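**Q** Let me begin by handing over the structure; questions about it come next.
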Amino acid sequence: MGRDSGFIAAHAALSIQEVNFVIIPEMKFDLYGHNGFLTHLKKRIEQKHHAVIVVAEGAGQFLFENAEVKMDASGNKIHNDIGVYLKEKINEEFCRRKMEFTIKYIDPSYIIRSAPAIASDSRFCNQLAQYAVHAAMAGRTGFVVGNWADEFTILPISLATETRKKIQPDSELLFSLLCSTGQPMIMTND
């Protein structure tokens, strides 16, 4: 999850405080080189003997430039599996350097989707449904129901989907994420 925005990965990393690297679509990174991700990962492993990496689905798609572009039934581009790709590259790099290591890889998408809802989630979803039904019964169409400043709102679908929300490079969320993980602000060789 995280097709083109890193919000889920960022918030998950902040919630557990054990993550050392978060790779999201909004952040540029080089895989190799003096300031590349693998160099920083190697340093982390040498210093602390472990690292936890969270990768958003849409991160690093530039690494698949020559891959065939596929679309899903809704017309969205199907991203290549960056998690598996990074696992393979980490494995190759550490084997090449003759480093001892173990990689544990988990794709949590189904685990997250199958978690039972807590009471406040159930209540919130029930309220969204009630407002949607009330709006539909009033003759409204082409809308989504949301919550803004503790008020339920009705918003035209075209407005809700006009732009994709992304983590901004100067945002408090990104700054908090970098502070929490300890990862470098920049992982490019430029």
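The values are calculated or read from the model by the stated rules, or taken from the named source; none is laboratory data. In this text, all values refer to a predicted model and were calculated from it rather than measured experimentally. When we count neighbours, we look across all protein chains shown, and the Cβ atoms used for this are built from the backbone with ideal geometry, even at glycine.
**Q** Report yes if ASP81 is at pLDDT 95 or above and of a type in the set (Asp, Glu), otherwise no.
**A** No; evaluated as a whole, the condition is false for this residue.
**Q** Across region 93-125, which residue is modelled with the lowest pLDDT among those that are among the aliphatic types (A, V, I, L, M) and in a helix (DSSP H, G or I)?
**A** Among those residues, the one meeting the criterion is ILE112.
**Q** Out of everything in region 144-172 that is under 26 Å from VAL52 (Cβ atoms) and touching a Phe, Trp or Tyr at 6+ places or on another chain (Cβ under 8 Å), what residue ends up being surrounded by the fewest Cβ atoms within 10 Å (Cβ to Cβ)?
**A** Taking the candidates together, the pick is LYS165.
**Q** Run ILE106 past the list (1) surrounded by 11 or more Cβ atoms within 10 Å (Cβ to Cβ); (2) within 22 Å of the chain's Cα centre (by Cα) and report the number of the one that doesn't hold.
**A** (1)
**Q** If I go through region 53-83 residue by residue, how many of them are farther than 20 Å from PHE21 by Cβ and not hydrophobic (A, V, I, L, M, F, W, C)?
**A** Count: 9.
**Q** Look at region 27-50 and say how many of its residues are surrounded by fewer than 20 Cβ atoms within 10 Å (Cβ to Cβ) and in a loop (DSSP other than H, G, I, E, B).
**A** The total comes to 10.
**Q** Could you give me the residue pairs with C-beta distances under 7 Å whose first residue belongs to region 100-122 and is in the same structural domain as GLN47 (by TED's automatic domain parsing) and small (Gly, Ala, Ser), whose second residue is in a helix (DSSP H, G or I) and modelled with pLDDT under 95 wherever it lies, and which are 6+ apart or on separate chains?
**A** Taking only residues 6 or more apart or on different chains, not a single pair turns up.
**Q** When residues of region 62-84 are filtered for being under 21 Å from LYS166 (Cβ atoms), without any contact (Cβ under 8 Å) to a residue 24 or more places away in the chain and polar (S, T, N, Q), how many remain?
**A** Qualifying residue count, region 62-84: 2.
**Q** Show the residue pairs that are 6+ apart or on different chains and have beta-carbon atoms under 7 Å apart, the first residue being within region 160-183 and closer than 18 Å to GLU57 by Cα and touching a residue at least 60 places away in the same chain (Cβ under 8 Å), the second being surrounded by 10 or more Cβ atoms within 10 Å (Cβ to Cβ) and hydroxyl-bearing (Ser, Thr, Tyr).
**A** Filtered contacts from region 160-183: ARG164/SER5; LYS165/SER5; LYS166/SER5; ILE167/SER5.
**Q** When you go through LEU174, LEU128, LEU155 one by one, which is the residue that is part of a helix (DSSP H, G or I) and not assigned by TED's automatic domain parsing to the domain that holds LYS48?
**A** LEU128
**Q** Can ALA59 be described as touching a helix residue (DSSP H, G or I) at 6+ places or on another chain (Cβ under 9 Å) and either over 19 Å from LYS166 (Cα atoms) or assigned to a helix (DSSP H, G or I) (or both)?
**A** Working: touching a helix residue (DSSP H, G or I) at 6+ places or on another chain (Cβ under 9 Å): yes; either over 19 Å from LYS166 (Cα atoms) or assigned to a helix (DSSP H, G or I) (or both): no.
So ALA59 does not fit the description; no.
**Q** Determine whether VAL144 is closer than 28 Å to PRO184 by Cα, in a strand (DSSP E or B) and not aromatic (Phe, Trp, Tyr).
**A** Considered against the rule, which asks whether it is closer than 28 Å to PRO184 by Cα, in a strand (DSSP E or B) and not aromatic (Phe, Trp, Tyr), VAL144 comes out as no.
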